[in-house]
Amino acid sequence: MLRDRRGRVLLAERPAGKHLAGGWEFPGGKLHAGESRLAGLRRELEEELGIDRVAAHPLIRIAHRYPDRHVLLDVWAVTRYRGDPEGRDGQALRWCAVEALEAAGLLPADRPVVTALRLPLRIAATRTAGYRIDPWPGPRGARLRGAACPDARAARRAAAGGADFLVLDARLAPRSLRALCDSVGIPVFARGLALARARALGASGVNAIQRSGGAASSSG
């Protein structure tokens, strides 16, 4: 996922003859066998867009099942790069403001990226102008609905029930966190891990809400 100096993100149209042709997605491709995530990212950026990655970090992992196939997207935010993006596979490209992504015709598997882009890297409050976090199910409203989850089972229930993102109240073992992130397809904020480690396991960020009297404090 590329951003320009104006904060817009780059979208690519699926070419004619390919699966879901005509839909818009965040540019990317398949990881080769034995290839590291960063090596695959660099190769795909060069092959598809003709640019060279300078700085990037994991954003979100998304599992999605289409009627005819299952996909796992490992989405990275590319924050610095060299070159000017061009559609080397003949795909149309366009820059889109984050606020306009909901109406951009994104493929279903790519839509959780929009939520991840609207959230901070560190969740430090249970209420802001853009989201609110409650024990699930929380009240509906215009803001994103985050679910405060005591464990992985509760997190999966909240994801299945329609939560926009998950905020873990307890630290999960690395294997359990990775499995959760791979299965729910929405942003997960881990507790008790450094940001880089949480992202390496598939989380979108970390839960940094200060606990007060054994419970998360509210602000905003």
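Could you tell me whether the range 84-160 comes out rounded, prolate or oblate from its Cα gyration tensor? Rule is a ≥ b ≥ c as square roots of the eigenvalues, rounded for a/c under 1.5, then prolate if a/b exceeds b/c, otherwise oblate.
Working: a/c = 2.63, a/b = 2.09, b/c = 1.26.
Cα axes put the range 84-160 in the prolate bin.
Exposure proxy ranking for L201, L38, L166, based on other Cβ atoms within 10 angstrom of each Cβ and starting from the fewest, stands as L38, L201, L166.
Take the Cα gyration tensor of the range 119-216, multiply each eigenvalue by 5, square-root it, and list the three semi-axes largest first, rounded to whole angstrom. Walk me through the intermediate numbers first.
Values: eigenvalues 68, 46, 31 Å².
Each semi-axis is the square root of five times an eigenvalue, giving 18, 15, 12 Å.
Ignoring everything except DSSP H segments at least 4 long, calculate the 222 nm mean residue ellipticity for the chain; use -39,500 (n - 2.57) per segment, divide by total residues, nearest 500. Only helices count here, giving -5000 deg cm²/dmol. Of the residues P85, I62, G34, the one whose Cα sits farthest toward the positive end of the charge dipole of the range 9-109, with +1 on the Cβ of Lys and Arg and -1 on the Cβ of Asp and Glu, is G34.
Rounded to the nearest 5, what % of the DSSP beta bridges within the chain are antiparallel ones?
Working: 23 of 40 bridges.
DSSP beta bridges in the chain are roughly 60 percent antiparallel.
Using the count of nearby Cβ atoms within 10 Å as a rough guide to exposure, how do W24, W95 rank from fewest to most? Working shown, then result.
On the way: W24 20, W95 14.
Ordered from fewest to most neighbouring Cβ atoms within 10 Å, W24, W95 come out as W95, W24.
Within the listed set G22, G130, G34, the residue fluctuating most in the Gaussian network model of the chain (springs between alpha-carbon atoms under 10 angstrom) is G34.
Note on the chain: along the principal axes its Cα atoms extend 56, 38, 37 Å, ordered by decreasing extent.
Could you list S204, S176, S36, S183 so that the one with the fewest beta carbons within 10 Å of its beta carbon is first and the one with the most is last? Intermediate values should be presented prior to the final figure.
Working: S204 28, S176 13, S36 10, S183 16.
Ranking S204, S176, S36, S183 by Cβ neighbours within 10 Å, fewest first, gives S36, S176, S183, S204.
Would the range 9-109 count as rounded, prolate or oblate if I go by the C-alpha gyration tensor, calling it rounded below 1.5 in a/c and otherwise prolate when a/b exceeds b/c, oblate otherwise? Rounded shape, in that the Cα axes give a/c under 1.5.
Rule-based calculations on the coordinates, nothing more; no lab input. If you're wondering where the values come from, they're calculated on a predicted model, not measured in any experiment. For neighbour counting, all protein chains shown are included, and Cβ atoms are generated from backbone atoms with ideal geometry for every residue, glycine included.
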